[in-house]
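Colleague: Handing you a structure now.
The values are calculated or read from the model by the stated rules, or taken from the named source; none is laboratory data. No experiment lies behind these values; they were computed from the predicted model shown. Here the Cβ positions follow ideal geometry from the backbone for every residue, glycine too, while neighbour counts run over all protein chains shown.
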Amino acid sequence: MLDTLAEIEVRYITVKEALSDPETFNDMEKTTKLSKEFKELDQIVAVYHDYRDVLKQIADAKEIISYEEDLELKDMARQELSELNPREEVLEARIKELLIPKDPDDNKNVIIEIRAGSGGDEASIFAGNLARMYQRYCEKNGFKFEITDYHDGTVGGYKELSASISGIDCYGTFKFESGVHRVQRVPDTETQGRVHTSAASVVVLPEPEDLDVQLNENDIKKETFCSSGAGGQSVNTTYSAVRLTHIPTGIVVSMQNERSQIKNNDIAMKILKARLYDLELNKRNSEQAALRKSMVSSGDRSAKIRTYNYPQSRVTDHRIGLTLYNLNIVMDGAINEIIDSLRMHENAAKLQASGEPTLVM
C-alpha cells in the first residue's frame, strides 16, 4: 500500500505543477479535469503524510523500548505507542476507503427529474417538497441547482420537474436518490385528520460529456410548437418550445421553459444525451449484476427507497435501515447524514466484493 501511495504522491506533484503552468489556463476543459483530479489526490496525499508520520513515530518508539536503558524513557515510549497504534488503524482504514476505485461517473454533473406519483394533489405537493429539499442541500453544500423545466401541480408543488445540478463529485453524491420516495402525513384537504400515503419518483442521471454520447442528427426528429400554460392556453405566440424524439430508442424530450427556441433546444439536447447515456450505463451495470446487487445505489428505480413520516417526524431509508427523527431539518436540506451513510455502506460493499482496493492510475 505504501508503494501505491508513493506513486499517488508523484502524480499529485505532477498535477500540481501542471495547474501552475500558465499554458494550462488556456484550455478550460483541461484545467477543469486537472482541478478535479487535484482535489481527489490532495485528500489522499494529506492522509498519506499523516500515516507516514505515525509509522515513523511508532518505529522510533519501538526502538526506544528495545534499546533504551532509561526506564522512564521506556515508559514514555510505551505510553506514546499505546496512543499511536489506534491512530495508525484509523488512518489505514481511511486510506483504504480513499483508494477504493471510484465510479468514473461520480464527478459528472447530474440531471435530476422529480415526478409526482400516487396520491393525487398531495403527491404533487410532496414532489415540490423534495425539490426544495435538494435545492436547500445544494445551497448549503456548494452545488449549483438550476430548474430547467417544470409543470405545476393543481394546488401546489409540481407534477414533474427537471433540474441540473453541478459541482464537485456531483453524481457520486446524488446517485443514491434515485427511486420512489414515500410520504405519510395528513393532507390539508383531509377533514377527518387521517394520515394518507403518497409518493414521488426521483431519477438522477449523470450528465455526459460530449465524448460520452455520439448522436447522429438523422436519428433525431425535431418539432417546434408554441409553449402552453395551465389549461393548455398558448403563452407564447412564437414557436419557441422544442420536442426532440430519438428515433432508435423512442425517447422523447420536450422543453418550453425558456422563451428562446435555441435555449430550449440546448437544454432538451442535454437531457436527451443524459437519458441515452443512462441507457448505456444501465446496460454496463447489468453486466456486474452480482456486485451491484450488494450496493445501495443499485436499487430499482421503481423500488421504495425512503419514507418521510410527518406524524412521527421520522425519515427511514429502507436500503440500509437508517432511521432519523429530525424530519423538519431533513426537509430543509439536511440530508448529509443520509447520503454519508449510503456512501459508507456502498464503500463497505465494494471492499467486501473486491478485497484490498488499489487505485487505477
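Colleague: Considering only the range 1-31, how many residues are basic (Lys, Arg) and without any contact (Cβ under 8 Å) to a residue 60 or more places away in the chain?
Modeller: Number satisfying all stated conditions: 2.
Colleague: Which residue is surrounded by the most Cβ atoms within 10 Å (Cβ to Cβ), if the candidates are limited to the range 83-107 and must be without any contact (Cβ under 8 Å) to a residue 12 or more places away in the chain and either in the same structural domain as Ile168 (by TED's automatic domain parsing) or more than 26 Å from Ile165 (Cα to Cα) (or both)?
Modeller: The extreme case among them is Val90.
Colleague: Do we have Ile338 as crowded, with 18+ Cβ neighbours inside 10 Å and either modelled with pLDDT of 95 or more or of a type outside the set (Lys, Arg) (or both) here?
Modeller: In short, yes.
Colleague: Would you confirm, using the coordinates I've provided, whether Asp317 is closer than 29 Å to Arg194 by Cα and modelled with pLDDT of 60 or more?
Modeller: yes
Colleague: Which strands (runs of 3 or more DSSP E) does the range 123-224 wholly contain that include 3 or more residues that are more than 26 Å from Ser240 (Cα to Cα)?
Modeller: Of the strands (runs of 3 or more DSSP E) lying wholly inside the range 123-224, those with at least 3 residues that are more than 26 Å from Ser240 (Cα to Cα) span 179-185, 196-206.
Colleague: Return the only residue of Lys39, Lys56 being surrounded by fewer than 18 Cβ atoms within 10 Å (Cβ to Cβ) and under 30 Å from Glu146 (Cα atoms).
Modeller: The unique qualifying residue is Lys39.
Colleague: Just to check your reading of the model, which residue among Glu146, Glu122, Glu113, Glu80 is surrounded by 15 or more Cβ atoms within 10 Å (Cβ to Cβ) and either on the phi > 0 side of the Ramachandran plot or without any contact (Cβ under 8 Å) to a residue 60 or more places away in the chain (or both)?
Modeller: Glu80
Colleague: May I ask you to list the residues in the range 231-257 that are assigned to a loop (DSSP other than H, G, I, E, B) and at pLDDT 80 or above?
Modeller: Within the range 231-257, Ser240, Ile247, Pro248, Thr249, Gly250, Gln256 meet the criteria.
Colleague: OK, next. Those residues that are out of contact with any helix residue (DSSP H, G or I) (no Cβ under 9 Å at 6 or more places or on another chain) and touching a residue at least 24 places away in the same chain (Cβ under 8 Å), I need them from the range 43-77; list them, please.
Modeller: Across the range 43-77, there are no qualifying residues.
Colleague: Another question, if that's okay. Does the range 169-186 include one or more residues that are polar (S, T, N, Q), buried (at least 22 other Cβ atoms within 10 Å of the Cβ) and over 22 Å from the mean Cα position of the chain (by Cα)?
Modeller: The answer is no, given that none of the residues of the range 169-186 is polar (S, T, N, Q), buried (at least 22 other Cβ atoms within 10 Å of the Cβ) and over 22 Å from the mean Cα position of the chain (by Cα).
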